[in-house]
Amino acid sequence: MQQRLPDFDYIIGDVRDPERLRTALRGVDLVFHAAALKQVPSCEAYPYEAFQTNTVGSHNVCEAALRAGVRTVVALSTDKAVKPVNAMGMSKAMMEKIVCSRNQVPLDTRFCCVRYGNVMGSRGSVIPLFRKQIEAGGPVTVTVGQMTRFLMTLDESVDLVVHAMTYAEGGEIFVRKAPAATVADLARALIVKYGGGTDIPIRTVGIRPGEKVDEVLVNEYEIQRAQETDDYFTIYPEYRVPSIASRYAVGSEYTSANTHRLVDPPEIGALLDRVGLVEYYI
């Protein structure tokens, strides 16, 4: 990054180190907190490490931001923080609580979170695994074929962060709507797009520890205090619920099972074509 973008200052440090954070945040106006352990299997194997980075580290960021007089802190979260069943999601759920609780009292610093599902092209995405398996002639290994996952491009994820930075008043969780696909449909689309017409088999290997079949971006409680536009949900904190009437019935959620579903390989392929920074997943 320093070679590609040399006009910035780069600091080595760790969100687990409060003193290093205080040094790093001096004179800073905006903080985008993206430091995390985000791989489900490694967090399942080492849950205390997930807690130390994702939860304690986030607390340290908030404390350092307050001391430095930062104007806005935007913390990046995940759909796995909603009704969490794995260590990564649990640690991120606590991160959301820590960050969004800050503005219960008057502060000059605004704290908020953004929450989204899988970012296509990010490190750890299933896309590079599928592409390597396709290039090797297969088989492409899927956990459970009917498993659904949200799909968002890197550019869309950045748009969400900028949206949150612009509109945060304090305590909100911002969600960008996204289409979803089953892992089987995604695998088939990648085979069509990158398989060169070869008949590459798909093999089911079973669900891994800590994984859900479907993911939730807005749960049934949050959706009752959320405002919705064509592209976003704004989930307001429980201590500052706006006087709005939810259009959703009690028990409704926004999930990867009920969002717009991508099924056909050309439709999924068109989304793959829109993924920015393709070199990140090749």
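The values are calculated or read from the model by the stated rules, or taken from the named source; none is laboratory data. Because the structure is predicted, anything quoted here is derived from the model rather than measured. Neighbour counts run over all protein chains shown; Cβ positions are idealised from the backbone, glycine included.
Would you confirm, using the coordinates I've provided, whether VAL158 is touching a strand residue (DSSP E or B) at 6+ places or on another chain (Cβ under 8 Å), aliphatic (A, V, I, L, M) and closer than 25 Å to LEU262 by Cα? Show your work before the answer.
On the way: touching a strand residue (DSSP E or B) at 6+ places or on another chain (Cβ under 8 Å): no; aliphatic (A, V, I, L, M): yes; closer than 25 Å to LEU262 by Cα: yes.
No; evaluated as a whole, the condition is false for this residue.
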| task | Scan the range 160-187 for residues that are surrounded by 23 or more Cβ atoms within 10 Å (Cβ to Cβ) and charged (D, E, K, R) and jot them down. | result | GLU172
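Going through the range 158-168 one residue at a time, which ones are of a type outside the set (Phe, Trp, Tyr), under 17 Å from ARG71 (Cβ atoms) and either part of a strand (DSSP E or B) or in contact (Cβ under 8 Å) with a residue 60 or more places away in the chain (or both)?
Applying the first criterion (of a type outside the set (Phe, Trp, Tyr)) to the range 158-168 yields 158-166, 168.
Next, only the ones that are under 17 Å from ARG71 (Cβ atoms) stay: 161-166, 168.
VAL161, HIS163, ALA164, MET165, ALA168 - these are the residues of the range 158-168 that are of a type outside the set (Phe, Trp, Tyr), under 17 Å from ARG71 (Cβ atoms) and either part of a strand (DSSP E or B) or in contact (Cβ under 8 Å) with a residue 60 or more places away in the chain (or both).
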| message | Could you go through the range 2-17 and let me know if any residue there is among the hydroxyl-bearing types (Ser, Thr, Tyr) and free of Cβ contacts under 8 Å to residues at least 24 places away in the same chain. | response | yes
| request: Would you please list the contacts, defined by Cβ atoms under 7 Å and residues six or more apart or on different chains, that run from a residue in the range 57-76 that is free of Cβ contacts under 8 Å to residues at least 60 places away in the same chain to a residue that is buried (at least 18 other Cβ atoms within 10 Å of the Cβ) and of a type in the set (S, T, N, Q)? | output: ALA65/THR109; LEU66/THR109; VAL70/THR109; ARG71/THR109; VAL73/THR109; ALA75/SER58
| Looking at (1) in contact (Cβ under 8 Å) with a residue 12 or more places away in the chain; (2) within 26 Å of ASP264 (Cα to Cα), which is the one condition that is false for ALA136? | (1)
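Of all residues in the range 117-157, which are in a helix (DSSP H, G or I), aliphatic (A, V, I, L, M) and within 11 Å of the chain's Cα centre (by Cα)?
At the first step, the residues of the range 117-157 found to be in a helix (DSSP H, G or I) are 126-135, 154-157.
Checking which are aliphatic (A, V, I, L, M) leaves us with 126-127, 129, 134, 154.
Residue satisfying the conditions is LEU154 alone.
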| field | Qualifying residues in the range 209-227 (those that are among the acidic types (Asp, Glu) and farther than 16 Å from CYS113 by Cα) - the one modelled with the lowest pLDDT | value | GLU211
